[in-house]
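Peer 1: The structure under discussion is supplied below as structure tokens; questions concerning it will follow.
The values are calculated or read from the model by the stated rules, or taken from the named source; none is laboratory data. Given the structure is predicted, the values throughout are model-derived calculations rather than measurements. Please note: Cβ atoms are built from the backbone with ideal geometry, for glycine as well, and neighbour counts cover all protein chains shown. Note: areas computed on protein heavy atoms with side chains; ligands, DNA, RNA excluded. Shrake-Rupley method; radii C 1.70, N 1.55, O 1.52, S 1.80 Å.
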Amino acid sequence: MREERSPALRGEFIRTLAAFRTPAAQQAIVASLTDEAPSVRVLACKALGELPTAEGFQALSTAITSDSE
């Protein structure tokens, strides 16, 4: 996903991954929490909020407290 230049497409990838609700999809979403585009990071946070797991909550908590934007 990081190879994709368009933040809009990366956001669509996140929306699609969230529908799968698999550990691999969640890992990709977690990785998007550090995307260079704020809009992509926001979508990743929303997606993790819809996937209630301990790992997702921890990643979301870390991202929220460390993101300066």
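Peer 1: Of the numbered conditions (1) in contact with a Pro (Cβ under 8 Å, 6 or more places away or on another chain); (2) open to solvent by 70 Å² or more (accessible area, probe 1.4 Å); (3) not aromatic (Phe, Trp, Tyr), residue 16 satisfies every one except a single condition; which is it?
Peer 2: Unmet for residue 16, out of (1) in contact with a Pro (Cβ under 8 Å, 6 or more places away or on another chain); (2) open to solvent by 70 Å² or more (accessible area, probe 1.4 Å); (3) not aromatic (Phe, Trp, Tyr): (1).
Peer 1: Got a number for residues in the range 27-61 being over 16 Å from residue 8 (Cβ atoms) and either assigned to a loop (DSSP other than H, G, I, E, B) or open to solvent by 70 Å² or more (accessible area, probe 1.4 Å) (or both)?
Peer 2: To start, the set of residues in the range 27-61 that are over 16 Å from residue 8 (Cβ atoms) comprises 27-31, 33-34, 45, 48-61.
If we keep only those that are either assigned to a loop (DSSP other than H, G, I, E, B) or open to solvent by 70 Å² or more (accessible area, probe 1.4 Å) (or both) as well, we get 27, 34, 50-55, 57-58.
Total meeting the criteria: 10.
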